[in-house]
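Any read-out appearing in this document is the output of simple, stated calculations on the displayed coordinates, not a laboratory observation. Here the structure is a predicted model, which is why all the values come from computation and not from measurement. Neighbour counts are summed over all protein chains in view; Cβ atoms, including those assigned to glycine, are modelled from backbone coordinates with ideal geometry.
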Amino acid sequence: MAFLTAHHTDVGIKKNTNQDALLLKTAKTPKGSVALFIVCDGMGGLSHGELASATVIRGMAEWFDVEMPRLSQSEYIGEEIYAELTKCINQLNEKILHYGETSKVKLGTTLTALLIFHNKYFIAHIGDSRAYSISNSLHQLTQDQTLVGREVARGNITEEQAKVDPRRNVLLQCVGATKEIEVGFSTGDVQLNTVFMLCSDGFYHQITEEELALNLSPETIKSDQQLKDKIVELVELVKARKEVDNISVVAAKVL
């Protein structure tokens, strides 16, 4: 298994700083290639959101470098990945929370992480950044941990109503804001010729699933540069539609 990869992040048309942060890491193991892709959307005044998202990215990158060589040898990698990711994310949550309390500031970050190991994917998710898979069709692999997302799940409002609801950015949880967090986990099989895409909410509010499926169709992506060009084109489209948030995308095609 190999990957075509690309990423792009943009401060957007209104904000002065970009508080999003990204990670793309790949490595080879005796059992095959492994990859970790992450999008974090920081929040907090001044540079604090940027600090929160960067802290998570650094911590997760270190986790990958230190733990994956050992985990790749495990017979129970699924169970161990969930345990180790939970431990790492909780430690990062405590670190950011402690900084916020001692500095008397409020800060935090979303976290959407996709780990691909051999023929399986594992997702760790907190907040409202998203992960998608695109093959013959498009599937959203994460559920938004927002007030509006919860109302949709309960059947109180429709998906269409959620898109314009003024509460759509109200998070139920994020990394670094509270002592207790609950990481959302999911897993599935990895099929060849699939594109995985992670993004911050600044990207998906102003774009349709049909546009994502068309532009990121695996059949049209033949190189890293093609994937990069498609992502940049979509980000520019989102900006033209007057999205005011930071905009970030990470994408990988499985070969």
Can you tell me the mean projection area, over all orientations, of the convex hull of segment 3-254's alpha carbons? Units nm², please.
13.2 nm²
In segment 1-66, what trypsin sites (Lys or Arg not before Pro) fall in a loop by DSSP, with at most 15 other Cβ atoms inside 10 Å?
Lys14, Lys15, Lys31
Stretchable slack from Asp65 to Lys104, in nm (0.36 nm times residue separation minus alpha-carbon distance)
10.8 nm
Electrostatic dipole magnitude of segment 3-254 [Cβ: Lys, Arg +1; Asp, Glu -1; Cα centre; debye, to 20]:
360 debye
At a threshold of 8 angstrom on Cα-Cα distance, excluding pairs fewer than six apart, so keeping six or more, what relative contact order does segment 3-254 reach in percent?
29 percent
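Mind checking segment 59-167 for GluC sites (Glu not before Pro) that DSSP puts in a loop (not H, G, I, E or B) and that have at most 13 other Cβ atoms within 10 Å?
Hits after loop and neighbour filter: Glu75.
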Hey, what number do you get for the chain at 222 nm if only DSSP H runs of n ≥ 4 count, each worth -39500 (n - 2.57), divided across all residues, to the nearest 500?
-11500 deg cm²/dmol
Radius 11 Å from Cβ of Asp201, net charge of other residues (Lys, Arg +1; Asp, Glu -1):
-4
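Between beta-carbons, use under 12 Å as the cut-off and find the net charge around Ala153, counting Lys and Arg +1, Asp and Glu -1. Can you show the working numbers first?
On the way: positive: Arg150, Arg154; negative: Asp144, Glu151, Glu159.
Surrounding charge for Ala153 is -1.
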Could you give the length gained on full extension between Thr208 and Asn90, defined as 0.36 nm per residue of separation minus the Cα-Cα distance, in nm?
39.1 nm
With unit charges on the beta carbon (Lys/Arg positive, Asp/Glu negative), name the residue among Ala21, Ile89, Thr110 whose Cα is farthest towards the positive pole of the charge dipole of segment 1-127.
Ala21
Computed over segment 30-159: relative contact order in percent, which uses C-alpha pairs under 8 Å that are six or more apart
28 percent
